[in-house]
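Asks: First, the structure itself, so that you have it in front of you.
The values are calculated or read from the model by the stated rules, or taken from the named source; none is laboratory data. Since we're looking at a predicted model, the values are computed, not measured. A quick note on method: Cβ atoms are made from the backbone with ideal geometry, for glycine too, and the neighbour counts reach across all protein chains shown.
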Amino acid sequence: MDVKIGLECHAQLLTQSKLFCSCSTDYHNAEPNTHVCATCLGLPGALPVVNERAIRYGIKVALALGCTIQPKVIFYRKNYYYPDLPRGFQITQYEFPIAFNGLVRIESDGGKEREIRIKRVHMEEDPGRLVYRGTIDTATYSLVDYNRSGIPLVEIVTEPDLKSPKEARIFLGKLRSILEYLGVFEGDLEGAMRVDANISLKGGERAEVKNISSYKGVEKALSFEITRQKNLLRRGLTVQQETRHYDETRGVTLSLRTKEFEHDYRYFPEPDLVPIRISNRIEEIRREIPELPDEKKLRFIAQYSLTMEHANALTFDRHIADFYEVVASKIDPKLSATWIADVLKGELNYRSISMREASKRISPDDFVAMLRYLKKGVITERGATEIIREMLDSGGKPEEILRSKGLASIGSDEIEKAIHAVIKENEAAVKDYKAGKKEALNFLVGQVMKHTRGTADPKEVRAMLTRKIDGEI
Amino acid sequence: MVTALEVVEGIKSGNISCEELLLQIYERIERSELNCFITLNKEAAVREAREVDKRREEEEYRRKKLLGVPVAVKDSISTRGIQTTCASKILTGYVPPFDATVVAALKKEGAIIVGKTNMDEFCMGSSTETSYYGPTKNPHDLTRVPGGSSGGSAAAVSAGETILALGSDTGGSIRCPASFCGIVGLKPTYGFVSRYGLIAYANSLEQIGPMASTVTDTALLLEIVSAKDEQDSTQIKIQNNASTNYCFSWLNGTRNEREEIKGMTIGVPKEFIEGSSPEVERSVWDAIHKYEDLGATYGEISMRNLKYALASYYIIAMSEASSNLARFDGLRYGLRTGKDEDWHTTFSRIRSEGFGEEVKRRIILGTYALSAGYYGKYYLKALKVRTLIKNEFEEALKTYDILAMPTMPFVAFKLGERIKDPLSLYLADVNTVSVNLAGVPSLSIPCGVSHGLPIGLQLVGKHFEEDELLKAAFVYEQNIP
């Protein structure tokens, strides 16, 4: 089935103050309507003043996406009535955005490289937020919180180059990665990235799904849409051009309005702001762009002899990449790669925390210390994993955990003792093994490990066990 | 009536009691039939006046340029703690939590806010008859309008209900009432005075400006309100402050005013005079000949694009207004009536109840002009015409130092006479609106009377040359009987 998907991604920029006033952007844990002023509340007479830093961030994003920067930026008014929009219009961009024509490379299904074209990049202000008592269906009224009103957003619009919901999710992940590398975005903040998706199937009109506010939601919403549109086409019905709303909790899209009820936004240039010339700042900003994920990946492969898989895993998140590089500078880079990409990342995913958060508990030096114990044989692989978990959960230092949990690996004497005990206690299993049942050995190894509380090296245990039992034959 | 300069001198020297002055003014307001004010600031004003009397000798107070001067502020300008309605029902009860930059500047220099003056609702009108709070009357004839939209400010200055006043001028709203009430009113160059705190009607056209009974007071007030302000991105941050220092040179009396305009050239665009009533035309020519007597020369010119000015002006103004006024939905401030229902029903009801007829007319027309399919035909075309008109003014002002013409084509008309015919009201704005399109500075100064009703002379200058304009007006003022 021929599917075309285009995304409009709205990312909150990490400036200190809002796009058109000096209110703080640090609203996530604030009481409602405490980070507001005359300008972001749209009080009559209050005027916007452009936050220069936000424009710089916007240009940075556009450059990182390979766009052509425009010489001047003009803000427009997008007029529509909604309670979260205090002026009755949103200040955004229209004919003169920051940039056009960029490109993002993604690794699609099966590692195939695909190029997704970026149509345009522009800046706009975030509206406020509606808060419902109960759910959107059952609430009898809604409350408005304007703390978010005026937060700078960069909107990144793709061409309809994405071919599947999964590709859309991969693209968003890549975009998030690039934005985080630039230091202008923090993807794990609630509502940091919101997406509108345009989707059409061959033979049908395009539907726009609005208000998708999670990375996973994009894939779900689009899959739902494809099924819905397929069903319509299969029954010989037409897919209407319409705007749909994504209901995150139910995982469905609902019709918001059809084509004839589309808003006429009556765009016109914002008369309270003047055009901003940016051409003279582009080179300076270009120099501030750090190494981006793709470049870093190639360098990791070359510099540390990593596999493509490890390099991908380590460079996706800037915080992980930085962590890795510090660790790799102090101890075997390949060992570091295995333990960070395979073990640490797994533990982070299991706990749904980001490396940024985790780095408050695990420092690269802690990680190096842990790997040194492992290399010297002080701890087993299992002990190493135990230390990582313990650091993440309660934040101790490796040497403390080693001591308090008794994780130091034991010598062969003690293993010998444990083997002796296990053989005695499990005569049946020993008999099975001797009779040719190889699986019985695994059971016995497990029993020895249990006896030694994981402090023994399982390879050594296996070798000693076979020697012992086979020797008896 | 005393001038602002005399008030400042008198208070500083102890010859005038600020409190008594304020009490006199409030007594006059309270007895008045003019309806100049929507909201009075009496309690705070009298308290501040007492403070001024008490501390007038302190160094900090002696430095204040408007010490103790009563100033009336148009109700389109935000005043912290004082109700600001823009003469609309929809903003009834709205008390801004901040001062407009110009109001903060006034307070810093020791001025005292008398109250908020009446106006056409959201500045939409030229007679002060569209106010939700009823019309203001012309002090020269109570059956006539004071002009608008800053009619309350002009009538208050003219009737001694304040010493100075601030107005705002989108298409003549300072100059028209100045002309009808016989006072001086100046619309600065676009970008000269901060608009922060001015409730927007048409952002790209309007400016706050001074209204006073003399040219010197006008210059003094302009100096105060033109302070630079980072909160208004459209304010042009120029170094040249020549305009505003000018009044002090006159005060020092070191200049020979007659000499100042010798050799000045005046352009008289014939299209700006053609539609005027005979008595207005005569008075304006008399004024031009007076300038000739004083050593200036004049030449008649033609500005052919003037005929497109009104259409261009009203499309731009209404388009911007339709967007500016979208914020008034009753959700955060202002009028909130009846039972809250769903969003669309509630805000639609509040807006239908809160806005007057003229405001609704302009919102609807502006919405139409910005709509898909019409934007290019109306709004963009209006912007192109605006550029042509601006070029034409700039061209004329290359040849001539200033331009002279009637402010309004006729004297103040009767209350109710034109309000039912909006088109005839729009047509009367042609001389003033073209100046706003061009963005150049302009003032209106009294130049005669007809049957007891004042006539205004409009002078137009080059961008940011308010000083030349004030100089020319001052010389004229000093030399008429």
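Asks: How about the stretch B:339-364: which of its residues are more than 13 Å from chain A (Cβ to nearest Cβ), under 20 Å from B:A317 (Cβ atoms) and surrounded by fewer than 19 Cβ atoms within 10 Å (Cβ to Cβ)?
Replies: Listed by number, the residues that qualify are B:E357, B:E358, B:K360, B:R361.
Asks: May I pose another question? Within the stretch A:64-89, how many residues turn out to be more than 11 Å from chain B (Cβ to nearest Cβ), closer than 19 Å to A:P152 by Cα and not in a loop (DSSP other than H, G, I, E, B)?
Replies: Number satisfying all stated conditions: 4.
Asks: Got a sec? Which of A:D161, A:D109 is surrounded by fewer than 21 Cβ atoms within 10 Å (Cβ to Cβ), assigned by TED's automatic domain parsing to the domain that holds A:G217 and at pLDDT 95 or above?
Replies: Matching residue, one of A:D161, A:D109: A:D161.
Asks: Of all residues in the stretch A:200-227, how many are of a type outside the set (F, W, Y) and in contact with a strand residue (DSSP E or B) (Cβ under 7 Å, 6 or more places away or on another chain)?
Replies: Going through the stretch A:200-227 one residue at a time, the tally reaches 16.
Asks: Can you name every residue in the stretch A:270-285 that is in a loop (DSSP other than H, G, I, E, B) and within 14 Å of another protein chain (Cβ to nearest Cβ)?
Replies: A:E270, A:P271, A:D272, A:L273, A:V274, A:P275 - these are the residues of the stretch A:270-285 that are in a loop (DSSP other than H, G, I, E, B) and within 14 Å of another protein chain (Cβ to nearest Cβ).
Asks: Within the set of pairs 6 or more residues apart or between chains, which connect a residue that is more than 7 Å from chain A (Cβ to nearest Cβ) and in a helix (DSSP H, G or I) inside the stretch B:367-378 to a residue that is crowded, with 17+ Cβ neighbours inside 10 Å and among the β-branched types (V, I, T) with Cβ atoms less than 8 Å apart?
Replies: As it stands, the answer is B:A369/B:I315; B:Y378/B:I315, since those pairs meet every condition given.
Asks: May I ask you to list the residues in the stretch B:157-201 that are within 14 Å of chain A (Cβ to nearest Cβ) and closer than 20 Å to B:T79 by Cα?
Replies: B:L166, B:S168, B:T170, B:V193, B:S194, B:R195, B:Y196, B:G197, B:L198, B:I199, B:A200, B:Y201
Asks: On to the next question. Of all residues in the stretch A:83-114, which are within 25 Å of the chain's Cα centre (by Cα) and among the acidic types (D, E)?
Replies: A:E107, A:D109, A:E113
Asks: Quick one: B:L66 ticks every box in (1) in contact (Cβ under 8 Å) with a residue 12 or more places away in the chain; (2) surrounded by fewer than 17 Cβ atoms within 10 Å (Cβ to Cβ) bar one, so which box is it?
Replies: Result: B:L66 fails condition (2) only.
Asks: Could you figure out which of (1) surrounded by fewer than 19 Cβ atoms within 10 Å (Cβ to Cβ); (2) within 29 Å of A:D126 (Cα to Cα); (3) among the hydroxyl-bearing types (S, T, Y) isn't true of A:S200?
Replies: (1)
Asks: Do we have any residue at all in the stretch B:82-96 that's buried (at least 24 other Cβ atoms within 10 Å of the Cβ), in contact with a Cys (Cβ under 9 Å, 6 or more places away or on another chain), away from every other protein chain (no Cβ under 12 Å) and more than 22 Å from B:G330 (Cα to Cα)?
Replies: no
Asks: A further question on this structure: For the stretch A:349-466, which helices (runs of 4 or more DSSP H) that fit wholly inside it have 3 or more residues that are modelled with pLDDT of 90 or more, crowded, with 17+ Cβ neighbours inside 10 Å and not basic (K, R)?
Replies: Passing ranges, in order: A:364-376, A:381-394.
Asks: Filter the stretch A:305-324 for residues that are part of a helix (DSSP H, G or I) and either buried (at least 19 other Cβ atoms within 10 Å of the Cβ) or among the β-branched types (V, I, T) (or both) and give the result.
Replies: Hits for the stretch A:305-324 are A:H310, A:A311, A:A313, A:L314, A:T315, A:R318, A:I320, A:A321, A:F323, A:Y324.
Asks: A further question follows. Kindly indicate whether any position in the stretch B:125-143 is surrounded by fewer than 21 Cβ atoms within 10 Å (Cβ to Cβ), at pLDDT 95 or above and of a type in the set (D, E).
Replies: Scanning the stretch B:125-143, I find at least one residue that is surrounded by fewer than 21 Cβ atoms within 10 Å (Cβ to Cβ), at pLDDT 95 or above and of a type in the set (D, E), so the answer is yes.
Asks: Test A:Y181 against the stated conditions and say whether it is crowded, with 20+ Cβ neighbours inside 10 Å and in contact (Cβ under 8 Å) with a residue 40 or more places away in the chain.
Replies: Yes: the conditions hold for A:Y181.
Asks: Right, here's the next one. For A:G66, state whether it is assigned by TED's automatic domain parsing to the domain that holds A:P32, surrounded by fewer than 16 Cβ atoms within 10 Å (Cβ to Cβ) and in contact with a Leu (Cβ under 6 Å, 6 or more places away or on another chain).
Replies: yes
Asks: Does the stretch A:263-280 contain any residue that is in the same structural domain as A:A64 (by TED's automatic domain parsing) and basic (K, R)?
Replies: Yes: the stretch A:263-280 contains one or more residues that are in the same structural domain as A:A64 (by TED's automatic domain parsing) and basic (K, R).
Asks: If I go through the stretch B:428-474 residue by residue, how many of them are within 16 Å of the chain's Cα centre (by Cα), in a strand (DSSP E or B) and not hydrophobic (A, V, I, L, M, F, W, C)?
Replies: Count: 5.
For (1) in contact with a strand residue (DSSP E or B) (Cβ under 6 Å, 6 or more places away or on another chain); (2) in contact (Cβ under 8 Å) with a residue 12 or more places away in the chain; (3) more than 26 Å from B:L23 (Cβ to Cβ), each residue gets a yes or a no:
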{"site": "B:G160", "(1), (2), (3)": "no, yes, no"}
{"site": "B:L166", "(1), (2), (3)": "yes, yes, no"}
{"site": "B:I174", "(1), (2), (3)": "yes, yes, yes"}
{"site": "B:A178", "(1), (2), (3)": "yes, yes, yes"}
{"site": "B:F192", "(1), (2), (3)": "no, yes, yes"}
{"site": "B:Y196", "(1), (2), (3)": "no, yes, yes"}
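Asks: Can you tell me which residue within the stretch B:306-338, out of those that are more than 12 Å from chain A (Cβ to nearest Cβ) and over 24 Å from the mean Cα position of the chain (by Cα), is surrounded by the most Cβ atoms within 10 Å (Cβ to Cβ)?
Replies: Once the filter is applied, the top-ranked residue is B:L335.
Asks: Scanning for something of a type in the set (G, A, S), within 12 Å of chain A (Cβ to nearest Cβ) and without any contact (Cβ under 8 Å) to a residue 40 or more places away in the chain, does the stretch B:285-305 turn up at least one residue?
Replies: no
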